[in-house]
Amino acid sequence: MNEAGRRRIGTEWLGSVAVLCALVALWWVASNAGWVSRVFLPTPQATFASLLEGLNLSDANGNGELLGFTQATVGRMLQGWLLASLFGVVLGAAIGVSPAVRAWVQPTLEFIRPLPASALLPLAISIFGLNPGMVLFVVAFGAMWPVLLATVHGFAAVEPRLSEVARCLQMSRAAFVWKMGLPNAMPDILAGMRLALTIALIVAVVGEMIASQSGLGQAILLAARAFRASDLFAGIVLLGLIGFVSNALLAFAEKRLLRWQQP
């Protein structure tokens, strides 16, 4: 990366930090000046104290209750996301590689795709019951669609001349998918996986709230019902950190995997 590129990235980071500091400062003024009751809007310092207490970072063992909730939510999110990515790529490749299959299946996909995963929670509860497997199923179902549709689009956008070359070389369908289709669709797949990771976190939290499963969703709901505003905001801050870190890690992995596309 040249000097201009590094300078531009540094400016963007400084701007992002400045916006974040401005929002925290506005939060501090609003809570300390009494613009909003502290019953509903705690001070940043109270939220930070609740966060430290919940994570129990002052303890050498670091075994706070909030830490256990965080591990449960992150584990549920990652398991659902991995399942969604696996099934999304496999089904998307099977559909996208064939124009005829795409024409048959596309109306059904467009009918099911807009269904919110949270709306299927009552149906999933009636089928699977109130257990972690039910929440995992809903998380995987909700997060699968961005990966599936992105994979279909990536395979459908394969250069037609590549298909002609594959026919001339008498490549099998599996070889064409692995050697030509998958590399061509990889940018779309990775973009769909990044979006799916966000959806997996959202659905995991909603599922924990509705199905009373251990996690940050349940912790936030209980804090809201007990009017523990600082604990509630501590959970929200943790969710934001989880989303930010997971997206940053996946963006880094995407950049590394697609280095061959960079000039």
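The values are calculated or read from the model by the stated rules, or taken from the named source; none is laboratory data. The structure presented is a predicted model; accordingly, all values stated were derived computationally and were not measured. Cβ coordinates were reconstructed from backbone atoms using ideal geometry, including for glycine residues, and neighbour counts include every protein chain displayed. We work out accessible area using only protein heavy atoms, side chains counted, and drop any ligands, DNA or RNA first. Shrake-Rupley method; radii C 1.70, N 1.55, O 1.52, S 1.80 Å.
Screening L14 on (1) in a loop (DSSP other than H, G, I, E, B); (2) over 26 Å from A143 (Cβ atoms); (3) open to solvent by 70 Å² or more (accessible area, probe 1.4 Å) shows it passes everything except condition (1).
Taking the criterion of being open to solvent by 60 Å² or more (accessible area, probe 1.4 Å), modelled with pLDDT under 85 and within 26 Å of A226 (Cβ to Cβ), the residues of the stretch 38-60 that qualify are R38, V39, L57, S58. Filtering the stretch 115-143 to residues that are surrounded by fewer than 12 Cβ atoms within 10 Å (Cβ to Cβ) and in contact with a Phe, Trp or Tyr (Cβ under 9 Å, 6 or more places away or on another chain) leaves only I127.
So that you can scan it fast, the table gives a plain yes or no per residue for (1) touching a strand residue (DSSP E or B) at 6+ places or on another chain (Cβ under 6 Å); (2) of a type in the set (A, V, I, L, M); (3) open to solvent by less than 70 Å² (accessible area, probe 1.4 Å):
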position	(1), (2), (3)
V165	no, yes, yes
L182	no, yes, yes
G192	no, no, yes
I202	no, yes, no
A211	no, yes, yes
G217	no, no, yes
R228	no, no, no
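Residues that are closer than 30 Å to G54 by Cα: list the helices (runs of 4 or more DSSP H) wholly contained in the stretch 155-261 that include at least 2 such residues. Helices (runs of 4 or more DSSP H) meeting the threshold: 182-211, 216-225, 229-257. With respect to the conditions (1) open to solvent by 80 Å² or more (accessible area, probe 1.4 Å); (2) at pLDDT 90 or above, L257 falls short on a single one, namely (2). There is no residue in the stretch 219-226 that is surrounded by 13 or more Cβ atoms within 10 Å (Cβ to Cβ), closer than 26 Å to F87 by Cα and in contact with a Lys or Arg (Cβ under 9 Å, 6 or more places away or on another chain). Of the residues making up the stretch 125-136, those that are without any contact (Cβ under 8 Å) to a residue 24 or more places away in the chain and part of a helix (DSSP H, G or I) number 4. Confirm whether L78 is under 26 Å from P183 (Cβ atoms), surrounded by fewer than 18 Cβ atoms within 10 Å (Cβ to Cβ), at pLDDT 90 or above and not polar (S, T, N, Q). So L78 passes the test.
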